[in-house]
Amino acid sequence: MTSYTELGLVNTKELFKKAVSGGYAIPAYNFNNMEQLQAIIQACVETKSPVVLQVSSGARKYANQNILKNMARGAVEYARELGYDIPIALHLDHGNSFELCKDCIESGFSSVMIDGSHLPYDENVELTRRVCEFAHSQKDYVTVEGELGVLAGVEDDVSSEHTHYTEPGEVIDFVSKTKVDSLAISIGTSHGRTKFKPEQCTRDANGVLIPPPLRFDILEEIEKKIPGFPIVLHGASSVPMEYVRMIEQFGGHLKDSVGIPEEQLRKAAKSAVCKINIDSDGRLAMTALIRKVLAEDPEEFDPRKILGPSRDELKKLYMHKNLNVLGSAGQA
Ligand SMILES: [Zn+2]
């Protein structure tokens, strides 16, 4: 049994309060390996941004939970060594059962998501309420994110073919019955790198897909129902075409890639949206640079020389997100 305070981590309570009143969003970046974690910490220290380190159940299977826990501890010490003690939360992304959430809480997570969004409403309420009751009764308060509405797309163990927008009429009841600390909503973001089908989009002069806009009307209605309550956006990668093109230039095939334009995320971050999840953009940046290195230097076989440039690109990408999209730079 490890409490997150022993690892030097914080829960998301204060982070979200400041983000909502300050008109910015905290970055939530997923990690599975050392290079990703180094890039996240370097980027957030250099931009003085708080950060939520996200671990999916897929990441736990890939990297092992003990290793991930100690990587999070290492991340805290690494940030201090780099010279700036940024607040770092360790968060379970898309927890799908009470047991998984409990397990993570007992192994040092400061925050968990319980995703009952695919369940009938009453069952989502009951599952989320149970996780909150357990998380909030720990010696060190663990924060919980719930979800109402379903995002389309595929991400690790989560997938859904269709979007179900969050029903604003349900949010007051859900938040008061469950006692969640934050709420993930569905307003048109989507998991993965093909966020919309081509027939849902228009195309610009170069044939690049232009996605339909996010449903800011639903976000506004939700904000009216629960003013100042922390809102979370999942599936908020922008799928930069420069990376898609680089991947295709060096042998990859990523047909019909389309993401959420950064201006729309910037607008959302200025509202009650206080945490924005970005995973696919990081995957694209790393894959692009790995392909480039391998294609340009066929004799290279040192993993450090192959992964190093992708780590540097990932850092650059995350600095850009903190500075220009989320507005979290300078807030730590
Ligand atoms: Zn998600």
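None of the figures in this text is laboratory data; all of them are computed from the coordinates on show. Keep in mind the model is a prediction, meaning the values are calculated, not measured. Using ideal geometry, Cβ is built from the backbone for each residue, glycine included, and neighbour counts are taken over all protein chains shown.
Can you give the FRET efficiency for residue 179 and residue 6, using 1/(1 + (r/R0)^6), R0 = 25 Å, r = Cβ-Cβ distance, to the nearest 0.05? Before the final figure, lay out each step's value.
Working: r = 25 Å, r/R0 = 1.00.
About 0.50, to the nearest 0.05.
Could you calculate, for region 215-285, the ratio of the Cα radius of gyration to the Kirkwood radius, expressed as Rg to Rh?
On the way: Rg = 15.1 Å, Rh = 13.6 Å.
Radius of gyration over Kirkwood radius for region 215-285 works out to 1.11.
Expressed in nm to one decimal, what extension gain is obtained for the pair residue 165 and residue 221 from 0.36 nm per residue of sequence separation less their Cα-Cα distance?
Details: separation 56, 0.36 × 56 = 20.16 nm, distance 1.22 nm.
So the extension gain works out to 18.9 nm.
Taking the Cβ of residue 70 as the center, what net charge do the other residues with Cβ under 14 Å away carry, scoring Lys and Arg +1 and Asp and Glu -1? Before the final figure, lay out each step's value.
Working: positive: 60, 69, 73; negative: 6, 77.
Neighbour charge sum, excluding residue 70 itself: +1.
Test of the criteria: in region 276-325, which GluC sites (Glu not before Pro) are in a DSSP loop and have at most 12 other Cβ atoms within 10 angstrom of their Cβ?
299, 300
In cubic angstrom, how much convex hull volume per residue do the alpha carbon atoms of region 256-310 span?
Values: hull volume 5.8 nm³, N = 55.
Hull volume normalised by residue count: 105 Å³.
Per the Kirkwood treatment, what hydrodynamic radius in Å, one decimal, follows for region 195-234 from the mean inverse distance over all distinct Cα pairs?
Evaluated over region 195-234, this radius sits at 12.4 Å.
Just for the Cα atoms in the chain, what are the lengths along the principal axes, largest first, rounded to whole Å?
Principal extents (largest minus smallest coordinate, Cα): 58, 47, 34 Å.
On full extension of the chain, what length is gained from residue 98 through residue 119, given 0.36 nm per residue of separation minus the C-alpha to C-alpha distance? Write out the running numbers ahead of the final one.
Values: separation 21, 0.36 × 21 = 7.56 nm, distance 1.38 nm.
The residue 98-residue 119 span can extend by a further 6.2 nm.
Please compute P(r) over all alpha-carbon pairs of region 97-178, binned at 10 Å starting from zero, and give each bin as a whole-number percent.
Over region 97-178, the share of Cα pairs per 10 Å bin runs 17, 47, 31, 5 percent.
Which links in 139/177; 18/275; 61/195 stretch past 19 Å when you go from one Cα to the other?
Over 19 Å Cα-Cα: 139/177; 61/195.
How many nm separate the modelled label positions at residue 78 and residue 21, each set 7 Å beyond the Cα in the direction of the Cβ?
3.2
Could you give the distance between the Cα centres of region 253-332 and region 145-201, to the whole Å?
22
From the phi angles alone, apply the Karplus equation (6.51, -1.76, 1.60; θ = phi - 60°) to region 325-332 and give each ³J(HN,Hα) in whole Hz, x where the residue is Gly or Pro.
10, 7, x, 7, 4, x, 9, 7
Provide the per-residue ³J(HN,Hα) series for region 252-268, in order, calculated from phi with Karplus coefficients 6.51, -1.76, 1.60 and θ = phi - 60°, each as a whole number of Hz, with x at glycine and proline positions.
Values, residue by residue: x, 9, 10, 5, 6, 5, 7, x, 9, x, 4, 4, 6, 6, 4, 5, 5 Hz.
Would you pull out the residues with amide H under 5 Å of residue 184's amide H, same chain only if 5 or more places away, H placed 1.01 Å from N?
HN-HN under 5 Å from residue 184: 146, 147, 148, 232.
Pick from 203, 245, 291 the residue whose mean-square fluctuation is largest in a GNM of the chain, springs joining Cα atoms under 10 Å.
Looking only at 203, 245, 291, the biggest GNM fluctuation is shown by 203.
So how many Å³ per residue does the convex hull of the Cα atoms of region 192-310 work out to?
112
Under the definition of Cα pairs under 8 Å and six or more residues apart, what whole-number percent is the relative contact order of the chain?
The normalised contact order for the chain reaches 22 percent.
With θ set to phi - 60° and the Karplus curve 6.51 cos²θ - 1.76 cosθ + 1.60, what are the ³J(HN,Hα) couplings of region 35-47 in order, to the nearest whole Hz, using x for Gly and Pro?
Karplus values, whole Hz, x for Gly and Pro: 4, 5, 5, 4, 4, 4, 5, 4, 5, 6, 5, 5, 9.
Peptides 274-281, 111-118, 255-262, 321-328: what's the order by average Cβ count within 10 Å, highest mean first?
274-281, 111-118, 321-328, 255-262
Can you list residues from other chains, or at least 5 along the same chain, whose modelled amide H is less than 5 Å from the amide H of residue 2?
Under 5 Å from the amide H of residue 2 lie the amide H atoms of 107, 108, each far enough along the sequence or on another chain.
Quick one: dipole size for the chain, taken about the Cα centre, charges +1 on Lys/Arg Cβ and -1 on Asp/Glu Cβ, in debye to the nearest 20. Spell out each step's value before the answer.
Details: 37 positive and 47 negative charges, 127 e Å.
Here the chain has a charge dipole of around 600 debye.
Just round it to a whole percent: the fraction of Cα-Cα distances in region 122-254 exceeding 24 Å.
Taking all Cα-Cα pairs of region 122-254, the fraction more than 24 Å apart is 42 percent.
Could you line up 163, 189, 5 from fewest to most neighbouring Cβ atoms inside 10 Å?
Numbers: 163 20, 189 27, 5 13.
The most exposed by this proxy come first: 5, 163, 189.
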